[in-house]
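One structure is given below, encoded as C-alpha cells.
The values are calculated or read from the model by the stated rules, or taken from the named source; none is laboratory data. Just so it is clear, the model here is predicted, and its values are computed rather than measured. Cβ sites come from the backbone with ideal geometry, for glycine too, and all protein chains shown count toward neighbours.
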C-alpha cells in the first residue's frame with residue numbers, strides 16, 4: 001500500500017510528489033499524460049528563464065522520481081474508499097493508498113464520481129472546481145486536491161506552489177506535527 005497516491009503529474013501533482021517522496025512517504029503518481037501544461041510555453045516561472053510545457057512536466061517527474069516517487073502512465077477510472085484507505089482503479093490495475101491527492105487540472109469528472117463536492121470556478125474558462133478547505137482537504141477524509149482542480153489560478157508556478165502546500169499539509173497530518181522541508185547549501 002502507498003502512503004500517498006497522486007492523480008496527475010502536471011506542476012501541482014509532481015510538486016506534491018517531490019515533497020511527499022522526499023519526506024519518506026511511499027508515493028505513487030498516476031498520470032494519463034494529457035496535461036494542459038504540455039501545450040504551454042513558460043517564461044513567467046520564478047527561477048526559469050524559459051521552458052516548454054513538456055520539458056517542465058518531464059523535469060517535475062524526474063525530480064519526484066529522484067526522491068523515490070513511482071510514476072505510472074495510466075488513466076484513473078475510479079477512487080473507492082476502503083477501511084484501510086482507498087482503492088484507485090486504473091486502466092492497468094488497482095492500487096491502494098492511505099491518502100490521495102487529486103491534481104487533475106481542469107478535469108473534475110473522476111472526483112465528482114468519487115463523491116467529492118464541487119463548486120463554481122472563478123478562473124476564466126474553468127467552470128467547476130473541487131470544494132476544498134484552506135489546507136487542500138476535500139469533503140472525503142483522506143482525499144486532498146491541489147492546483148487548478150482545487151480552484152487556484154491556472155499558472156504553472158501557482159499550481160506547483162499549491163501542490164507543495166497541499167503536500168506539506170498532508171505530510172503534517174500523517175506525521176501528527178507540522179512538517180518543514182528546508183535544505184541548506186553543502187560546504
| request: For residue 156, indicate whether it is over 15 Å from the mean Cα position of the chain (by Cα) and either over 23 Å from residue 23 (Cβ atoms) or buried (at least 23 other Cβ atoms within 10 Å of the Cβ) (or both). | output: no
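Against the condition without any contact (Cβ under 8 Å) to a residue 60 or more places away in the chain and not in a loop (DSSP other than H, G, I, E, B), how does residue 72 come out, does it pass?
Details: without any contact (Cβ under 8 Å) to a residue 60 or more places away in the chain: yes; not in a loop (DSSP other than H, G, I, E, B): yes.
Yes, satisfied.
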| remark: Checking 47, 24 in turn, the sole residue that is at pLDDT below 90, out of contact with any strand residue (DSSP E or B) (no Cβ under 7 Å at 6 or more places or on another chain), within 23 Å of residue 179 (Cβ to Cβ) and surrounded by fewer than 14 Cβ atoms within 10 Å (Cβ to Cβ) turns out to be 47
| query | Restricting attention to region 47-69, which residues are under 28 Å from residue 99 (Cβ atoms) and in a loop (DSSP other than H, G, I, E, B)? | reply | 67, 68, 69
| remark: Reported set for region 27-44 where residues are surrounded by fewer than 23 Cβ atoms within 10 Å (Cβ to Cβ) and outside any helix (DSSP H, G or I) is 32, 33, 34, 40, 41, 42, 43, 44
| note | Exactly one of 12, 40, 23, 5 is under 17 Å from residue 136 (Cα atoms), in contact with a helix residue (DSSP H, G or I) (Cβ under 8 Å, 6 or more places away or on another chain) and touching a residue at least 60 places away in the same chain (Cβ under 8 Å), and that residue is 12
| note | Note on region 83-93: residues outside any strand (DSSP E or B) and closer than 17 Å to residue 26 by Cβ are 84, 85
| Hey, residue 140 surrounded by 15 or more Cβ atoms within 10 Å (Cβ to Cβ), in contact (Cβ under 8 Å) with a residue 12 or more places away in the chain, more than 26 Å from residue 56 (Cα to Cα) and over 15 Å from the mean Cα position of the chain (by Cα) or not | yes
